[in-house]
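The values are calculated or read from the model by the stated rules, or taken from the named source; none is laboratory data. Please read these numbers as outputs of a predicted model, since none were measured by experiment. Note that each Cβ is placed from the backbone with ideal geometry, even for glycine, and that neighbours are counted across all protein chains shown.
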Amino acid sequence: MSLKVYRAKRDFKKTPEPKAPSPRGKTSSSLPGRTYAIQEHHATRLHYDLRLEEGGVLKSWAIPKIPPRKAGEKRLAVQTEDHPLDYAGFEGVIPKGEYGAGTVRVWDAGVYRPLETVEGKRIVEIRGRKLKGVFALIRLKSRPGDKPGGANWLFFKTGSRP
């Protein structure tokens, strides 16, 4: 996946955010799990950024409320631009005037295992410090006035175990 949108939104002379992906000696499929992280982001509004390694980048979703820990708790997850793999460990302050200005800290991190990945649906087993278990990301149907591409998803913990 391309990081063009990510790079276009940032001035790396002003922000401490990672500029490019780190090369890896191994591909994701040879690792015991793929990178997973959630960052607490104190921007204009407090939200949580979900990151899942996929195709050499971090697929990303902004979650307006604290991530679900119990089965049945559902959260809106708005898909955002892909981020470089290095972003999973990023903590710092994005300066005022820059895209995403505010404080970012890692809320949870670990690995995940994809159980089902199809267009508009991801079922994953997360093994983080705070979140553990099987979670689903389901893209919601677009409504009039929504951005093209179906950016709204539902993120929730399922009652099943792998």
Exercise. Is it fair to say residue 21 is in contact with a Pro (Cβ under 7 Å, 6 or more places away or on another chain), surrounded by 15 or more Cβ atoms within 10 Å (Cβ to Cβ) and modelled with pLDDT under 85?
Worked result: yes
For this session: Could you please give the count of residues in the range 48-74 that are buried (at least 20 other Cβ atoms within 10 Å of the Cβ) and either closer than 17 Å to residue 19 by Cα or more than 9 Å from the chain's Cα centre (by Cα) (or both)?
Result: 6
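Across the range 46-68, what is the number of residues that are outside any strand (DSSP E or B) and at pLDDT 95 or above? Show your work before the answer.
Let us first name the residues in the range 46-68 that are outside any strand (DSSP E or B), namely 55-56, 64-68.
Still in the running and at pLDDT 95 or above: 64-68.
Of the residues in the range 46-68, 5 are outside any strand (DSSP E or B) and at pLDDT 95 or above.
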For this session: Output the qualifying pairs, or none if there are none: Cβ atoms under 7 angstrom, residues six or more apart or on different chains, first residue in the range 136-147 and modelled with pLDDT under 75, second residue assigned to a strand (DSSP E or B).
Result: 146/152
For this session: Write out, first by first residue and then by second, each pair whose Cβ atoms fall under 8 Å of each other, whose residues are 6+ apart or on separate chains, and whose first residue, in the range 30-45, is under 12 Å from residue 101 (Cβ atoms) while the second is modelled with pLDDT of 95 or more and among the hydroxyl-bearing types (Ser, Thr, Tyr).
Result: 41/48; 41/103; 42/103
For this session: Could you tell me whether the range 115-130 includes any residue that is in a loop (DSSP other than H, G, I, E, B), of a type outside the set (Gly, Ala, Ser) and at pLDDT 95 or above?
Result: yes
Problem set entry | Answer residue from the range 78-126, given it is free of Cβ contacts under 8 Å to residues at least 60 places away in the same chain and of a type in the set (A, V, I, L, M) and is surrounded by the fewest Cβ atoms within 10 Å (Cβ to Cβ) among those | 118
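Which one is nearest to residue 128 (Cα to Cα) among residues in the range 90-108 that are hydrophobic (A, V, I, L, M, F, W, C) and assigned to a loop (DSSP other than H, G, I, E, B)? Quick ask: steps written out before the conclusion?
Step one: of the range 90-108, the residues hydrophobic (A, V, I, L, M, F, W, C) are 90, 93-94, 101, 104, 106-107.
Among the residues that remain, those that are also assigned to a loop (DSSP other than H, G, I, E, B) are: 90, 101.
Working: 90: 16, 101: 26 Å.
Looking at the filtered set, the residue picked out is 90.
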For this session: Within the range 69-78, count every residue that is touching a Ser or Thr at 6+ places or on another chain (Cβ under 9 Å) and modelled with pLDDT of 95 or more.
Result: 0
